[in-house]
Amino acid sequence: MREEKQNKAAAESSRSAERDQLNEDIVLSWVHLSAILKNSRVTNGLAYNEAVVMLLLYNEYRASGKGILPFSRIVEETRMLKSQANRTVASLEEKGFVTKLCGSRDKRAVYVAASTDCMDKFLAVHSQSLALADDICNIIGEEDARVFVRIVEKIVARAGDENLLREQEN
């Protein structure tokens, strides 16, 4: 009985050590990938948050033919603070990429519309991101790329549900 408890404790300790090492490997891999993505300048010409907002509007344009989103949805999907999203949208508005609109029924509702005139400029920046994605597919193969996308989307979905990836206080 005592030997059984010792074996069980040793197995749990081994699993804990393996999990600790896996966590270290995840963090290190994340740092390596982040460095590659940061150094590739995929948002050349736009600030990162600007490119993210434009990507949301572009995807909405592709899906519905209208590049218009409620400001609240931009905040929700980017997980930016409202003040940060507001600054980002204001910067895009100054550059002519977007226009802020008030709701027709509820004047408190704010919408953000992509400027069709500047969509070509965004697509030039976005094409750099697509080229990076293509390079990744060439390195890891299409099957692993699909697995990568599935895993990232699973993390994103669960992070919101369980507050997994919350901001750390400095």
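The values are calculated or read from the model by the stated rules, or taken from the named source; none is laboratory data. For clarity, every value in this text was computed on a predicted model and none was experimentally measured. Here the Cβ is made from the backbone with ideal geometry for all residues, glycine too, and neighbour counts use every protein chain on show. Accessible surface is based on the protein model in full, side chains and every heavy atom, while ligands, DNA and RNA are left aside. Shrake-Rupley method; radii C 1.70, N 1.55, O 1.52, S 1.80 Å.
Would you call VAL98 in contact with a strand residue (DSSP E or B) (Cβ under 6 Å, 6 or more places away or on another chain) and β-branched (Val, Ile, Thr)? Break it down stepwise before answering.
Values: in contact with a strand residue (DSSP E or B) (Cβ under 6 Å, 6 or more places away or on another chain): yes; β-branched (Val, Ile, Thr): yes.
So VAL98 fits the description; yes.
Can you list residue pairs whose Cβ atoms sit under 6 Å apart, with the first residue in the stretch 32-54 being at positive phi and surrounded by 13 or more Cβ atoms within 10 Å (Cβ to Cβ) and the second being modelled with pLDDT of 75 or more and not aromatic (Phe, Trp, Tyr)? Count only pairs 6 or more apart in sequence or on different chains.
Matching pairs, first to second residue: GLY45/VAL125.
Among the residues of the stretch 133-166, count how many are modelled with pLDDT under 85 and over 17 Å from LEU56 (Cα atoms).
Of the residues in that region, 9 qualify.
Tell me whether the stretch 82-104 contains one or more residues that are modelled with pLDDT under 90 and open to solvent by less than 70 Å² (accessible area, probe 1.4 Å).
Of the residues in the stretch 82-104, the ones modelled with pLDDT under 90 are 102-104.
Okay, now just the ones that are also open to solvent by less than 70 Å² (accessible area, probe 1.4 Å), so 103.
Yes; the residues of the stretch 82-104 include at least one that is modelled with pLDDT under 90 and open to solvent by less than 70 Å² (accessible area, probe 1.4 Å).
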